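Following: one structure in structure tokens, then a few remarks.
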Amino acid sequence: MRHSVVVLDSTAAVDAVDARVDALDSGDVSNASAVTGADVTAALNAVKTALGLCLDNVAIQVFTASGTYTPAAGMKKCLVIITGGGGGSGSADTDGSDSTVALSGAGAGGATCIKLFTAAEIGASKAVTIGAGGNAGANGGDGTSGGTSTFGSGPALLTATGGTYGLGSGANVTAQIAQSSGSFGGSATGGDINLPGGNSRAGFAVASASAIFGCSGDGGGSFWGQGGPGRYKAQSSLSADNSQSGSSGTTYGCGAAGAINITTATATAGTAGNAGICVVLEFIESAF
């Protein structure tokens, strides 16, 4: 009778334990007693590797600022998810006259790369660059685009660009009808999966003979969540100041919503986009 199961043709650690179990079956207690805990551990590790059972522990490293990824001991594979920064929205400005309206464009979302690497592909370490969120526009000016996030260098293994900026309204707008265009999300290269950032949405505002209505555009979303929601304003007064900066995105890589300005002489500032992020899920082999 045999109690062992041979899973490898030529692994010394397994063969040694297998032979000693055979000795126990045949009544040779002296040889069987020579099987030690170290023998069993070595055999189990050999079997585990042969069966692909090396991913028995998962760790995570998160980068919200640029740095260096150094693998944990025993890392066999890692899943990298990296996102660029969200675009900042522009500023909206009127000259303060009655029935004047202005809108600024919203920022778009940063792109995301997702890729599975082996330990050999990572080596000792990899540089991580996190793209900043785009800046807010001021005095009727444009915002700025989100920064590019990269994994590795010379050249980068993964590249996720930031979302495009939102346009400003221009200074001292005197119009009674305003519209803002959307902008394009970032692009991704190098991943097993490359996800573009979300585009931002357009906005519209109008002053009639009896009321003013306006809604600024939504910011573009990212892999992690939604962009900033647009601002809505409605009033019957044609002279009351009623202005608001765009809202921020919900999380990493999201673009900011556009600003709206109703009859306010002071420019309404844009809003900054959200910075990017890099998450590394490590699949680690641990010994028995």
Point to revise | Unmet criterion (only one of (1) surrounded by 15 or more Cβ atoms within 10 Å (Cβ to Cβ); (2) touching a Cys at 6+ places or on another chain (Cβ under 9 Å); (3) not hydrophobic (A, V, I, L, M, F, W, C)) for THR118 | key: (1)
Check your understanding: Looking at GLY141, GLY146, GLY90, which is the one that is crowded, with 24+ Cβ neighbours inside 10 Å, more than 14 Å from the chain's Cα centre (by Cα), at negative phi and part of a loop (DSSP other than H, G, I, E, B)?
Key -> GLY90
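State all residues of segment 156-179 that are of a type outside the set (Gly, Ala, Ser) and at pLDDT 95 or above; if no residue qualifies, say none. Before the answer, list the steps.
Start the filter on segment 156-179 by keeping residues that are of a type outside the set (Gly, Ala, Ser), which leaves 157-159, 161, 164-165, 167, 172-174, 176-177, 179.
Those that are of a type outside the set (Gly, Ala, Ser) and at pLDDT 95 or above: LEU157, LEU158, THR159, THR161, THR164, TYR165, LEU167.
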Practice item. Please work out if GLY87 is out of contact with any strand residue (DSSP E or B) (no Cβ under 6 Å at 6 or more places or on another chain), small (Gly, Ala, Ser) and more than 30 Å from GLN179 (Cβ to Cβ). Key: no
Check your understanding: Taking the condition not basic (Lys, Arg) and not in a loop (DSSP other than H, G, I, E, B), does ALA102 pass?
Key -> yes
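Quick test for you: out of ALA240, ALA275, pick the one residue that is part of a loop (DSSP other than H, G, I, E, B) and either within 14 Å of the chain's Cα centre (by Cα) or closer than 30 Å to MET75 by Cβ (or both).
Details: ALA240 fails: either within 14 Å of the chain's Cα centre (by Cα) or closer than 30 Å to MET75 by Cβ (or both).
None of the other options fit; the residue is ALA275.
The values are calculated or read from the model by the stated rules, or taken from the named source; none is laboratory data. Because the structure is a prediction, the values reported are computed rather than measured. Every residue, glycine among them, receives a Cβ derived from its backbone with ideal geometry; neighbour counts consider all protein chains shown.
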